[in-house]
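The values are calculated or read from the model by the stated rules, or taken from the named source; none is laboratory data. Please read all numbers here as calculations on a predicted model, not as lab measurements. Cβ: placed from backbone, ideal geometry, glycine included. Neighbour counts: every protein chain shown. Only protein heavy atoms, including side chains, enter the accessible area calculation; ligands, DNA and RNA are left aside. Shrake-Rupley method; radii C 1.70, N 1.55, O 1.52, S 1.80 Å.
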Amino acid sequence: MPELKLEGVTKRFKQKEAVKNVSMNLTEGVYGFLGENGAGKTTLLRMLCGVLRPTEGMITCDNVDIRTLDGEYRHMLGYLPQDFGYYPDFTAKRYLNYLAACKALPRETAASKTLEYMELVGLEEHQNQKIKTFSGGMLRRLGIAQALLNEPEILILDEPTSGLDPRERIRFRNIISSLSKDRIVILSTHIVSDVEYIADEIMLMKSGRILCQGRMDSITKAAEGKVWECTVSQQESDRLNDEFAICNLRNVESSVHLRIVAEKCPVKGARPVEPGLEDAYLYYMGGERE
Amino acid sequence: MRLFWEELRKIVSRKLVWGGVLFLMILVTVWTIVAVSEEKTMIDGKTYRGREAVVEDKELAEEYKGVLTVEKVQDIYNRFGFYYYDTKTGQPVGNFCNYFITLNMTNFNQTGGEDLSQIEFYEGTEWENNSQPFVEGNTEFAYVRGWMLMQENAMTICVYLQLILIAALCPLFSEEYSLRTADLLLTTEDGKKKGIWIKLLAAVVFAVLLCVLFGVFYFGLYMTAFGAEGLSASSQLIGSPFFGFTPESIGGFFLFEWALALAGMVLLAGVTALLSAFSKSSFLTVIASLIIYAVPLIWLKVLAPTWILGTAGTKLMNHFMVSMPVWLQWNWDFAFDGGQISVHLLVAAVVGVSAFCFAYFRYRSYQGQK
C-alpha cells in the first residue's frame, strides 16, 4: 500500500495561484476534496496524477518524487478526469482495450479486465456501441471502468458524479465505496452528498488552500452552535438571505423556513440545530477557518 | 504491439484518409484507362487505336531497340517523317518512334506541332544541347510510352499523397488535446513515454505504407496497361536529365524517384507531427502544415531569384529548401550530383528526426487544458 505525501505543493499560473502550499499525507481510504468551482481541486488532482508540475513543493510516493518514479507511479494510478475524453467513433470495448494497452496490461488480462469492469459498471450490454451514442451517466461509468482497468492502488476521480441523476450518483458512490479497500481513493467534488457518506477524510478547499481537513465529525464539529433554523415572513427571509449564508430555504404556506449558518443567532426565535456537512461547508466557505 | 496497431488503425480509419486514397486510386485508374483508349498510331499507312495501337507501337519500337544512333533516327524519319497534329481532324499523326524523335530532336514544341512544314531537326548548338546526348552511344532505346505517361503524372500523385498524409497526421496529437484524451493518456504507464514513440512510429509506418503501396499500385496500373517493356531502357527517354545523378535505367530511375518521395513523406510525417503537438486544433494544424509545406515552393519560385540573402546565403537556403518534402522528390530534376543529393537527404533526416523528437517532448510536457 503506497503512501502519498504532499509537501508545500503550490501551483502558479501566470498571475494566479491555483493551489497554495498544500501539505498532507494520504494512505489507504477515501479522501474527499470538497470545494466550489475554481477552488483548485482539479489542479491539485492533476498534480497528483503527474499531468501538471508543481511550481513549488513536492509530491512523493513512498518518499520518492513521483516524477522520478515516472512510469512506475503511473502503473499504480487510475484517473478519471473531470472532462472525460473519448474517441466518438470508438466502441466502449475498443476504447477500454486501447487504454488497457496504454496501461501496459497483457492482452489476456486486458480482455478479462475490460469485461469485468464493464460488468461492474453495467455497460456489458453496450460494449459494442459507439461511445458517441452514450448518455452522460454511461460515459461516467465508462470513465470509472477505464480508471479501474489496471487495478490501481491510487484512484483519482475528479468530479465523478458530475451531470449524473440521483440514482446514478448513488450507484457511483456505492461502486467507489466498494473499491476503497486497500486503495487510496481521492475524489473531488462540489456536491456534499458525494463525500458525506463514503469519505474517510474530507478536505475543504477554497482559493487554492485547504481550509480544514479531517473526518466528517471533526469537520462538522467546528460548525456546532453556528447552524440555526427559523420560520419567518417573506420579507424577513429576503433580509436574512442578503445577510447570512442560507443552507436551506423552503416555503411553508405564507412563511419561509430557513436553515442559516451564522456565528450568532441571526433572528429572534431561531433555534440552534445539529450541523451537517453541508452546513459546515457553508460555514467554512463563508469565512476562512484554520 | 497492440498499441502500435491501435495507433495505426486510428490514423488509417479516418474517413478523409480512406476517401482521399480511394479518390486518388479511381483518378489514376481512369487516367490510365483513358490514356490507353486514346492511344493512336500510324504505321505504314495504317491507323491503329487503343490497345491495338500499344501492341503495334511495341512491335515497331522492337525494331529500333538498343543503343540509339543517328542512323536509327534517320531511318525512323525516312520511314515515317515527323510526328504532327492534323489541323483538319485535330488528331495526332505518327507513332511512338517518330513521336520520340520529333519531341526530342526537333523544334516541334516551339512550332506547336500543327504545321508540318515548320517542323525541322535542331541544328548547331540547339542540336548539341538537346539532341546530341541521345545519339552519343549511351542511350538505350525501347518502347517506353507507358513509362512516359506514368512519369508525367508521378510527381503530381506524390503531391496528392503528401496532402493526404498531412490530413491524416494533423490530428495525431491535436485531436488528443481537443478530445481531452491527452489528460487521460498521459497518466497511463505507457501513454506518457513509450506510447508517444509508438504513436510517432505509427505515423512513419503510415507514411511509408501510403507511399510504397500507392507507388506499387500506380506502377502496376501502367505495367498492366502498357506492359513491362522498356524498364531497362535509358531513363533519359522519359525526361531525366543527362547530367547530375540519376540511375541509368527507367526501372532504377523509378525506384530512385520513389525513394526520394518516400524520404519526403517520412520527413513530412515528422513536421506534421510536430505541428500537431503544438496545436490544440486539428484544423489549425492543417492550415499550418500546408503553409509550412508551401514555404519551400514559394522560396524557390519567388524569393530565391531575387537573391534576397545574397549569393552564398541564397544558395545555402536553396539547398535547404530542396531538402524539404515538396522538393525532395524533384531532386533528380535539378541535375544535382550524388554528393548534393546525399547532403539533401542528410538535411531531411536531421530535420525529420528533430521534428519527431520535439513532437515527443512537446506532447509529453502537455500540462492539460484549463
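Here are the numbers for this structure:
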| quantity | calculated |
| --- | --- |
| Residue in the stretch B:28-49 that is farthest from the other protein chains (Cβ to nearest Cβ), counting only those that are without any contact (Cβ under 8 Å) to a residue 12 or more places away in the chain, open to solvent by less than 80 Å² (accessible area, probe 1.4 Å) and of a type outside the set (Phe, Trp, Tyr) | B:GLY45 |
| For B:LEU284: the one exception among (1) open to solvent by 30 Å² or more (accessible area, probe 1.4 Å); (2) over 30 Å from A:GLY85 (Cβ atoms); (3) touching a residue at least 24 places away in the same chain (Cβ under 8 Å) | (2) |
| Meets criteria (outside any helix (DSSP H, G or I) and either surrounded by 16 or more Cβ atoms within 10 Å (Cβ to Cβ) or touching a residue at least 40 places away in the same chain (Cβ under 8 Å) (or both)) for B:PHE4 | no |
| Odd one out for A:LYS16, checked against (1) modelled with pLDDT of 90 or more; (2) within 14 Å of chain B (Cβ to nearest Cβ) | (1) |
| Of all residues in the stretch B:6-22 being in contact with a helix residue (DSSP H, G or I) (Cβ under 9 Å, 6 or more places away or on another chain) and among the hydrophobic types (A, V, I, L, M, F, W, C), the one that is farthest from the other protein chains (Cβ to nearest Cβ) | B:VAL21 |
| Qualifying residue in the stretch B:323-330 (condition: in a loop (DSSP other than H, G, I, E, B), in contact (Cβ under 8 Å) with a residue 40 or more places away in the chain and under 30 Å from B:PHE96 (Cβ atoms)) | yes |
| Checking A:TYR98 against (1) without any contact (Cβ under 8 Å) to a residue 24 or more places away in the chain; (2) open to solvent by less than 10 Å² (accessible area, probe 1.4 Å); (3) away from every other protein chain (no Cβ under 14 Å), the condition it does not meet | (3) |
| Residues of the stretch B:125-161 that turn out to be open to solvent by 50 Å² or more (accessible area, probe 1.4 Å) and either over 22 Å from the mean Cα position of the chain (by Cα) or polar (S, T, N, Q) (or both), as a count | 11 |
| Exclusive hit being open to solvent by 20 Å² or more (accessible area, probe 1.4 Å) and at pLDDT 95 or above, set A:THR133, A:THR55 | A:THR133 |
| Where a residue in the stretch B:123-144 is free of Cβ contacts under 8 Å to residues at least 60 places away in the same chain and on the phi < 0 side of the Ramachandran plot and its partner, wherever it lies, is surrounded by fewer than 18 Cβ atoms within 10 Å (Cβ to Cβ) and acidic (Asp, Glu), with Cβ under 8 Å and at least six apart | none |
| Members of the stretch A:186-202 that are part of a strand (DSSP E or B) and either farther than 19 Å from A:SER23 by Cβ or open to solvent by 40 Å² or more (accessible area, probe 1.4 Å) (or both) | A:LEU187, A:THR189, A:GLU201 |
| Per-region count, the stretch B:57-115, residues assigned to a helix (DSSP H, G or I) and of a type in the set (Phe, Trp, Tyr) | 6 |
| Criterion violated by A:CYS49 - all others in (1) within 12 Å of chain B (Cβ to nearest Cβ); (2) free of Cβ contacts under 8 Å to residues at least 40 places away in the same chain; (3) closer than 27 Å to A:ASN174 by Cα satisfied | (2) |
| Search result, residues across the stretch A:136-185 that are of a type outside the set (Ser, Thr, Tyr), within 14 Å of another protein chain (Cβ to nearest Cβ) and open to solvent by 50 Å² or more (accessible area, probe 1.4 Å) | A:GLU151, A:GLU153 |
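For (1) aromatic (Phe, Trp, Tyr); (2) surrounded by 13 or more Cβ atoms within 10 Å (Cβ to Cβ); (3) at pLDDT below 95, each residue gets a yes or a no:
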| site | (1), (2), (3) |
| --- | --- |
| B:ALA312 | no, no, yes |
| B:PRO325 | no, yes, yes |
| B:GLN329 | no, yes, yes |
| B:ASP333 | no, yes, yes |
| B:GLY339 | no, no, yes |
| B:LEU346 | no, no, no |
| B:ALA349 | no, yes, no |
| B:GLY352 | no, yes, no |
| B:TYR366 | yes, yes, yes |
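Condition check ((1) closer than 23 Å to B:GLN367 by Cα; (2) without any contact (Cβ under 8 Å) to a residue 24 or more places away in the chain) across all residues:
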residue: B:GLU189; (1), (2): yes, yes
residue: B:LEU210; (1), (2): no, no
residue: B:VAL216; (1), (2): no, yes
residue: B:SER234; (1), (2): no, no
residue: B:PHE243; (1), (2): no, no
residue: B:PHE253; (1), (2): no, no
residue: B:GLU257; (1), (2): no, no
